[in-house]
1. Below 16 Å, Cα to Cα, which lysines can residue 52 reach? Residues fewer than 8 away in the same chain don't count.
2. Where does each of 80-87, 14-21 land if you order them by average Cβ count within 10 Å, highest first?
3. Could you sort 31, 40 by their accessible area in this structure, using a 1.4 Å probe and putting the largest first?
4. Can you figure out the FRET efficiency of residue 5 with residue 63, using R₀ = 30 Å and their beta-carbon distance, to the nearest 0.05?
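The values are calculated or read from the model by the stated rules, or taken from the named source; none is laboratory data. Predicted model, so just to flag it, every value in this text is computed and none were measured. Here the Cβ is made from the backbone with ideal geometry for all residues, glycine too, and neighbour counts use every protein chain on show. Only protein heavy atoms, including side chains, enter the accessible area calculation; ligands, DNA and RNA are left aside. Shrake-Rupley method; radii C 1.70, N 1.55, O 1.52, S 1.80 Å.
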Amino acid sequence: LTPETWRAWGLGYDPARWDSAQKRKRPAVVMPWVNETHVMAVKYRFTDSTSKADRFTQKGGGQQIVFGLQMAGEHRSTLWLTEGELNAISLWQALRAAGAETIVMGSLAFGAADLGSRIGWVHGMAGA
């Protein structure tokens, strides 16, 4: 990811984020989940992970929202739905010049049991 992309998405780096599961400090990329004006949650992706089980943690008290919606323009002519934050950010960096936007529809998003329910939620979002 380019420095411009890090700035646009408000990403950060914590060289010593406490991992309560492993009881030690670990380096992590800091990813804020932002609505139009406020940080609603903060997720940390550890950069030294050796398995999927120990890749992430998040700051307590956060509110699960759509990741990346603040970056989607008013037009939203093309919207890519991704599973993870870094997938969304990488696609945004590669495709933004073409007018594409990205948001995360991860496995825990919206409490929906299936993809059809999640897609329905996105269609409803267009009218909001």
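1. Filter leaves 43.
2. Per-residue mean Cβ counts within 10 Å order the peptides as 80-87, 14-21.
3. Numbers: 31 0, 40 50 Å².
Accessible-area ranking of 31, 40, largest first: 40, 31.
4. 0.80
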